[in-house]
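The values are calculated or read from the model by the stated rules, or taken from the named source; none is laboratory data. The structure displayed is predicted, hence computed values, not measured ones. Note that each Cβ is placed from the backbone with ideal geometry, even for glycine, and that neighbours are counted across all protein chains shown.
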Amino acid sequence: MIETIYVEEAIKNHPRTKFILKKFKKSRIILINKYGEIFNKRNQNFRIQKANPNLILAHKKNGFVLPAPDGFGIGSSKNFYFSHMYNCIYDCRYCFLQGMYSSANYVIFVNFEDFDIALKKIIENNKNSKLTFFSGYDCDSLALENVTGFAKHILSFFKTHHQIEIEFRTKSIQKEPFILMKPMNNVILAYSLIPELMANSLDNKTPSISKRIRVISELASRGWKIGLRFDPLIHGKNWKELYQELLENLYNTISLDEIHSVSFGPLRFPKRMFKDIFKLYPNEPLFTSSLSANNKIISYDVEIEEEMTSFCKDISLKYIKEDLIFKCSI
């Protein structure tokens, strides 16, 4: 239940604002000038807000589409990301957003058409490059689809740009609008996954891994391209047995022909971000176990990272070709 919705004055009459507000008829509406006056306020408590976050409807003015960080990609020569929303409805312990933002409130930008313009400009300026766009870097790209309708909107753009890939990164079990559409070969539905036992304590408020796998299997059976994202890889007791069970379950459940790509990435945090996250969870075993400082990054030792990646890759190679496997190193 969203108790309060802050709405920028400039977009109070925007059709998409009205569309979203109809879904929250009991919420209190407060008009504001700029979303930053709520979202960027100092001395906010992320943990307190996370228990009952508010919603902010805003107009994004710039930075619609940005270059993806080095080490983030699945084979294209150029990678970009965009986010129609800031923050996530889930509460995963390792999520970097809790170290990036001081506020746990959700921000939804309603001017979707400006994302289209920015996407078109980048495509026109990179005609000779293979491009992939990632939706959901600063949020879960599908978790609030029933509220925003963003995926349905942006898919219409990519229908006319068949040569350009878009990846929707999610932990949700949201099937619409995909269940109602003919599959598009340039669309990747990418699911973040960790072993069920780990997810029970770390992936708070998310659908269970078993539910995610059922949805992945259903969408794959309908012809949608699937991305499997093991990012981050979590080290812990019996991690080999847990990851082997997860991987083999996936590969034996999903149509292998519809797997677009598989990526593995280590658990890493910039030092400053880790410091803020650690303040939120000083007793969290995940942050007090095998992590150590490597230059400006807090991560597992390189030997642990390489062992985990190699182990999971070797299992995957029993089912899929090596050119479908990527390492995410950000």
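Give the residue that is modelled with the lowest pLDDT, with candidates limited to residues of segment 304-330 that are touching a Phe, Trp or Tyr at 6+ places or on another chain (Cβ under 7 Å) and basic (Lys, Arg). Among those residues, the one meeting the criterion is Lys327. Can Asn111 be described as within 16 Å of the chain's Cα centre (by Cα), polar (S, T, N, Q) and more than 25 Å from Asp276 (Cβ to Cβ)? In short, no.
Taken over segment 299-316, the criterion of being of a type outside the set (S, T, N, Q), without any contact (Cβ under 8 Å) to a residue 60 or more places away in the chain and in a helix (DSSP H, G or I) is satisfied by Val302, Glu303, Glu306, Glu307, Lys313, Asp314.
Restricted to segment 104-124, and to residues there that are in contact with a Lys or Arg (Cβ under 9 Å, 6 or more places away or on another chain) and among the aromatic types (Phe, Trp, Tyr), the residue that is surrounded by the most Cβ atoms within 10 Å (Cβ to Cβ) is Phe109. Does Gly223 count as among the small types (Gly, Ala, Ser), modelled with pLDDT of 95 or more, over 15 Å from the mean Cα position of the chain (by Cα) and in a loop (DSSP other than H, G, I, E, B)? The answer is yes for Gly223.
Inside segment 243-265, residues that are assigned to a strand (DSSP E or B) and either modelled with pLDDT under 95 or over 12 Å from Leu228 (Cα atoms) (or both) make up a count of 1.
Working only within segment 317-326, note down all residues that are surrounded by fewer than 14 Cβ atoms within 10 Å (Cβ to Cβ) and assigned to a loop (DSSP other than H, G, I, E, B). Outline the logic, then answer.
Here is the first cut: in segment 317-326, the ones surrounded by fewer than 14 Cβ atoms within 10 Å (Cβ to Cβ) are 317-318, 321-323.
Hits for segment 317-326 are Leu317, Lys318, Lys321.
Of the residues making up segment 231-242, those that are assigned to a strand (DSSP E or B) and either among the acidic types (Asp, Glu) or within 14 Å of Leu189 (Cα to Cα) (or both) number 1. Condition test on Ser329, is it in a loop (DSSP other than H, G, I, E, B) and surrounded by fewer than 19 Cβ atoms within 10 Å (Cβ to Cβ)? Yes: the conditions hold for Ser329.
State all residues of segment 161-197 that are among the small types (Gly, Ala, Ser) and in contact with a strand residue (DSSP E or B) (Cβ under 6 Å, 6 or more places away or on another chain); if no residue qualifies, say none. If the condition is that a residue be among the small types (Gly, Ala, Ser) and in contact with a strand residue (DSSP E or B) (Cβ under 6 Å, 6 or more places away or on another chain), then Ala190, Ser192 are the ones that fit. Going through (1) free of Cβ contacts under 8 Å to residues at least 24 places away in the same chain; (2) touching a strand residue (DSSP E or B) at 6+ places or on another chain (Cβ under 9 Å) one by one, Lys50 falls short only on (1).
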